[in-house]
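**Student:** Handing you this structure, nothing more for now.
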Amino acid sequence: MNLKRKQLVWIGIVVSVGMIVLWEFVAKPASASNQGIDPVKGAPIVVVARSPIENVMTLSGEFRPYQQVDVHAKVAGYIKRIYVDVGDHVTAGQVLAVLEVPELNAQVAGAKADIHRDQDAIRRAESEIKRAESTHSAYHAAYTRLKQASAARPGLIAEQELDDSQAKDQEAEAQIESARAALSESQSQLVVAEADLDRLSALEDYSRITAPFTGVVTKRYADTGALIQAGTASSTQSMPVVQLAEWSRLRLVVPVPESAVPFMQIGNEIQVHVAALQRDFNGRISRFADSLSDETRTMHTEIDVENPDQTLKEGMYAEVRLTVLRKQNALTVPVQALQGGDQRYVLALDDQNRVHKQEVEIGEQDSTRVEILRGLVDQELVISANQSSFQPGEIVKPRLVADMPAGKQDYMGGEK
């Protein structure tokens, strides 16, 4: 019996020791101070703060020449000489080509001859006027003397002689008027001849084809000896001589979507990025169509970009960043801190770092931040990620994932 009793005692001791060990590992876990493990779960948080918020839209476009034109000849002729080729830089008024127009030269010579003829006719008419005035003066003096003598001594001068003298006086006066009319006609013919010469001379000047503006020759259509038709002839398909483009300033054409149209204003400066050159250029909104395309629902917009060193080329693609929203000093949080669908909320922390669900009303939004209109205050803490890992009422240890404003260092867990 004693042996059996001792066995029971030892069994009781072993069971008691086992129960104590089990209690140590299950009912009484190791303390955080002894094991170095914090029993509070860490949470990534951000600080609700005021900051500018802006919404930027990136649009792509293609550079086009500021001006581009096919240079035609106004008169028909053969190219006597062409002075430019593709890639040549020319200035306004520079001669590009000269045409040979023999028949036009003959017409100019004929117009000059007509002017000389009319000038001779004027001189003859002026001489005729002087002769007629001299004749009229003699006849008028003779008639005056006869008339005075007849009045002084009636019957001394025969009436027939007096009438003949008066007729000659009147005829001489009429010849003066006729000579003056001939002079006026000759003068009118001279004006017509001079106008015709001016017209032909202008056409002759058009045989020298000049650059209408400063630019670059982008195409050459004709060579020496080619027949060029007049560009004003509607019945013929005239061939241009060269194509000229202005590249010192370019037009960047971008399609602006309907949502951004209200923000377009003439004169606004805009940054232009050219990926091919890895450079940014300054541009200015210069013009837009003021109407939307029915097919694309976009508005044709042109941005002028200065290109004095000819770095930019026609056809290059570029991107512009169009700011459609800018709001200063808005109360914001990161976009990823928002939760919910129709009713938006965040997981915020109170003074004891206890998680609670806070409904919010949002305003404007950009790519990274969203404006909070109601529900949060400045410097409040919200969980920024992994919100599904946290439950309302749970106490967490804040772990800042963004710059923390002054005054919130106590939330880092050491001094709170």
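**Student:** Do we have any residue at all in the stretch 79-95 that's farther than 30 Å from T214 by Cβ and surrounded by 15 or more Cβ atoms within 10 Å (Cβ to Cβ)?
**Tutor:** No, the stretch 79-95 has no match at all.
**Student:** Right, here's the next one. Which condition from (1) closer than 27 Å to F263 by Cβ; (2) at pLDDT 90 or above; (3) surrounded by fewer than 17 Cβ atoms within 10 Å (Cβ to Cβ) is the one that L325 breaks?
**Tutor:** Every listed condition holds for L325 apart from (2).
**Student:** Quick one: is K74 out of contact with any strand residue (DSSP E or B) (no Cβ under 6 Å at 6 or more places or on another chain) and on the phi < 0 side of the Ramachandran plot?
**Tutor:** Yes, satisfied.
**Student:** Could you please tell me which pairs satisfy a Cβ distance under 8 Å, a separation of 6+ or placement on different chains, a first residue in the stretch 379-390 that is outside any strand (DSSP E or B), and a second residue that is among the basic types (K, R) and surrounded by fewer than 22 Cβ atoms within 10 Å (Cβ to Cβ)?
**Tutor:** Q379/K408; S389/K41; F390/K41
**Student:** State all residues of the stretch 106-118 that are under 56 Å from the mean Cα position of the chain (by Cα) and within 10 Å of Q189 (Cβ to Cβ); if no residue qualifies, say none.
**Tutor:** D114, I115, D118, listed by residue number.
**Student:** Related question: List the pairs whose first member sits in the stretch 81-101 and is closer than 21 Å to Q310 by Cα and in contact (Cβ under 8 Å) with a residue 40 or more places away in the chain, whose second member is outside any strand (DSSP E or B) and of a type in the set (F, W, Y), and whose Cβ atoms are under 6 Å apart, counting only residues at least 6 apart or on separate chains?
**Tutor:** Short answer, once both residue conditions are applied: A92/F213.
**Student:** State all residues of the stretch 178-215 that are surrounded by 17 or more Cβ atoms within 10 Å (Cβ to Cβ) and either in contact with a Ser or Thr (Cβ under 9 Å, 6 or more places away or on another chain) or closer than 30 Å to H136 by Cβ (or both); if no residue qualifies, say none.
**Tutor:** A179, A182, L183, S186, Q189, L190, A211, G215
**Student:** Here is a list of conditions, (1) at pLDDT below 90; (2) of a type outside the set (A, V, I, L, M); (3) part of a loop (DSSP other than H, G, I, E, B), and P52 meets all of them except one; can you say which number that is?
**Tutor:** (3)
**Student:** Quick one: would you say N329 is under 30 Å from L373 (Cβ atoms) and either charged (D, E, K, R) or in contact (Cβ under 8 Å) with a residue 40 or more places away in the chain (or both)?
**Tutor:** yes
**Student:** Return the residue satisfying two criteria in turn: it lies in the stretch 218-263 and is among the hydrophobic types (A, V, I, L, M, F, W, C) and within 16 Å of V98 (Cβ to Cβ), and of such residues it is modelled with the lowest pLDDT.
**Tutor:** If we take residues in the stretch 218-263 being among the hydrophobic types (A, V, I, L, M, F, W, C) and within 16 Å of V98 (Cβ to Cβ), then A230 is modelled with the lowest pLDDT.
**Student:** What residue, of A193, A152, A174, A181, is among the hydrophobic types (A, V, I, L, M, F, W, C) and at pLDDT below 85?
**Tutor:** A152
**Student:** Scan the stretch 139-196 residue by residue and report those that are of a type in the set (K, R), more than 16 Å from R123 (Cβ to Cβ) and in a helix (DSSP H, G or I).
**Tutor:** R145, K147, K168
**Student:** Next up: Confirm whether A109 is loosely packed, with under 13 Cβ neighbours inside 10 Å and part of a loop (DSSP other than H, G, I, E, B).
**Tutor:** No, not satisfied.
**Student:** Looking only at the stretch 76-92, which residues are closer than 22 Å to A230 by Cβ and part of a strand (DSSP E or B)?
**Tutor:** Scanning the stretch 76-92 gives G77, Y78, I79, K80, R81, I82.
**Student:** Of everything in the stretch 261-319, what is over 15 Å from E62 (Cβ atoms), charged (D, E, K, R) and in contact with a strand residue (DSSP E or B) (Cβ under 8 Å, 6 or more places away or on another chain)? Give them in sequence order.
**Tutor:** E269, R279, D280, R284, R287, D290, R297, E306
**Student:** If I filter the stretch 335-369 down to residues being more than 21 Å from A43 (Cα to Cα) and in contact with a helix residue (DSSP H, G or I) (Cβ under 9 Å, 6 or more places away or on another chain), which single residue comes out as surrounded by the most Cβ atoms within 10 Å (Cβ to Cβ)?
**Tutor:** Across the stretch 335-369, the extreme among qualifying residues is D366.
**Student:** Which condition number in (1) modelled with pLDDT of 70 or more; (2) outside any helix (DSSP H, G or I); (3) of a type outside the set (A, V, I, L, M, F, W, C) is the one that E103 fails?
**Tutor:** (2)
The values are calculated or read from the model by the stated rules, or taken from the named source; none is laboratory data. Quick caveat, the model's predicted, so the values are computed rather than measured. Here the Cβ is made from the backbone with ideal geometry for all residues, glycine too, and neighbour counts use every protein chain on show.
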